[in-house]
Structure formats: structure tokens, C-alpha cells
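Here the structure comes first, spelled out in C-alpha cells, and everything after it is commentary.
No value in this document is a laboratory result; all are computed from the given coordinates. Since we're looking at a predicted model, the values are computed, not measured. All Cβ positions, even for glycine, are placed from backbone atoms using ideal geometry, and neighbour counts span all protein chains on display.
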Amino acid sequence: MAVRIRLSRHGKKKRPFYWVVAAHSEAPRDGRFLEKLGTYDPLTDPARIELNMERVEYWLQRGAQPSDTVKSLIRQYKRRMKVSGEEAKVS
């Protein structure tokens with residue numbers, strides 16, 4: 001079974017908050033997942049992205065396919081860490 005890195009929606013109605021998770025490709029969007037890799041809050045300005053990059057890299061090396069949105073979030077996170085001069089946060 002293929003593994004995907006994707007978003008799982010949480011929060012209230014009209015107040016979305018997402019977990020970035022590694023899950024089987026056939027599992028429902030908000031269903032079972034293998035591991036929580038981070039969070040994404042689109043309502044803050046700028047949107048807050050927290051990722052455990054060690055675990056994201058682990059799953060990518062094992063063949064997990066990120067969704068288009070998660071691929072974009074990873075790119076943004078790396079860019080922000082590069083600009084701020086910080087190491088990627090391990091959360």
C-alpha cells in the first residue's frame with residue numbers, strides 16, 4: 001500500500017487547522033494515519049507552518065508521495081528557515 005504525506009483537517013467550522021500526516025493512500029482524509037509530521041494554520045498572517053523535517057525526509061526517502069499542497073508547504077517552510085537563518089524546527 002502506498003504512503004502519502006497529506007493534510008488532515010481539524011478545527012471548527014469556518015476555522016480550519018491542518019495536521020500534516022503520513023497516511024496510507026486509501027485511508028480517508030481525516031481517518032487513520034501512520035504519523036503526525038507537523039501542523040499548518042492558514043488563518044494566521046503569514047500562515048504558520050511547523051514541520052518535523054527529519055521525519056518528513058524519512059518518509060520521502062521511503063517512497064511516500066506528498067500531495068501538491070504539502071509539497072508547496074515543504075517548499076515554503078524550507079524557504080522561511082533559509083531566510084530566517086534558523087535550523088528546521090524539530091517539533
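Could you list the GluC sites (Glu not before Pro) in region 2-91 that lie in coil according to DSSP, counting only those with at most 14 other Cβ atoms within 10 Å of their Cβ? Counting only loop positions with at most 14 other Cβ atoms within 10 Å, the GluC sites (Glu not before Pro) in region 2-91 are Glu26, Glu86, Glu87.
May I ask you to compute the full-extension gain from Lys14 to Asp68, defined as 0.36 nm times their residue separation minus their alpha-carbon distance, rounded to one decimal in nm? Could the numbers behind the result be given before it?
On the way: separation 54, 0.36 × 54 = 19.44 nm, distance 2.24 nm.
Length gained, Lys14 through Asp68: 17.2 nm.
Kindly list the residues of region 45-83 that lie in the label zone of Glu26, defined by a backbone N under 20 Å from the point 7 Å along the Cα-to-C-beta vector. Of the residues in region 45-83, 63-67 have backbone N under 20 Å from the label point off Glu26.
Placing +1 on each Lys and Arg Cβ and -1 on each Asp and Glu Cβ, with no other charges, gives region 18-64 a dipole about its Cα centre of roughly 160 debye.
Remark: region 3-84 is approximated by an ellipsoid whose semi-axes, taken from the C-alpha gyration tensor as √(5λ), come to 19, 18, 9 Å, largest first. When the chain is treated as a GNM with alpha-carbon contacts under 10 Å, the residue of Arg80, Arg62, Arg48 showing the greatest mean-square fluctuation is Arg62. Rounded to the nearest whole Hz, the Karplus-based 3J(HN,Hα) values (6.51 cos²θ - 1.76 cosθ + 1.60, θ = phi - 60°) of region 10-26 follow the sequence 9, x, 8, 4, 6, 10, x, 8, 10, 9, 8, 10, 9, 9, 5, 4, 8, with x at glycine and proline.
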